[in-house]
Amino acid sequence: MSADYYRSDGMRATAEEAQRLLLDVRGRLLAQDVIRVGGVVVVVSTWFTVIDLGFAANGRPLLWQTIVSDTTMHADIGQYTTREKAARGHAQAVSMITSRLRGLVARAALDDARS
């Protein structure tokens, strides 16, 4: 079974186009943020995948992916059908992760102060 390849506009790509797209790592990176809270550093990256990650409820291919990484893990936290949705999802992920990290660091500081 052959893979289905796509361009960033959601239209199908040939194998040759897909190869060029896959090799263009910088071109596929939509957004990347490094979040530093206390001693914690997390990177949030959103990429164009070229290959369908699975079909969304509307039947469109999932071609964009948001990934969160730190020194110990790497997690897929969002998949999107369009560049616009991916950009919104990336911004929401950065906001959510920053808020949660700040809460965790503040809680840890309080726990240390009580000890």
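Which whole-number percent is the relative contact order of the range 5-114 (Cα, under 8 Å, 6+ apart)? Present the calculation step by step, with values, prior to reporting the outcome.
Numbers: 176 pairs, mean separation 24.0, N = 110.
Across the range 5-114, relative contact order equals 22 percent.
Please compute the net charge surrounding Ile77, taking Lys and Arg as +1 and Asp and Glu as -1 over other residues with Cβ under 15 Å from its Cβ.
Working: positive: Lys85, Arg88, Arg100; negative: Asp33, Asp70, Asp76.
So the surrounding residues net to 0.
What number in nm² do you get for the chain if you take the convex hull of its Cα atoms and divide its surface by four?
Working: hull surface 35.7 nm².
That works out to 8.9 nm², a quarter of the Cα hull's surface.
If each residue's Cβ is checked for other Cβ atoms within 10 Å, how do Asp52, Asp112 rank with the fewest at the top? Let's see the in-between values first.
On the way: Asp52 19, Asp112 8.
Listed from fewest to most nearby Cβ atoms, that is Asp112, Asp52.
Under a 10 Å cutoff between Cα atoms, tell me which one of Leu23, Leu53, Leu62 has the largest fluctuation in the Gaussian network model of the chain.
Residue with maximal mean-square fluctuation among Leu23, Leu53, Leu62: Leu23.
Against the longest alpha carbon principal axis of the chain, how many degrees, from 0 to 90 and to the nearest 10, is the axis of helix 83-114 turned?
Once rounded, one gets 20 degrees.
Just so you know, all these numbers are worked out from the coordinates, no wet-lab data involved. Predicted model only: the values in this text are computed from it and were never measured. Here Cβ is always computed from backbone atoms with ideal geometry, including for glycine, and neighbour counts include all displayed protein chains.
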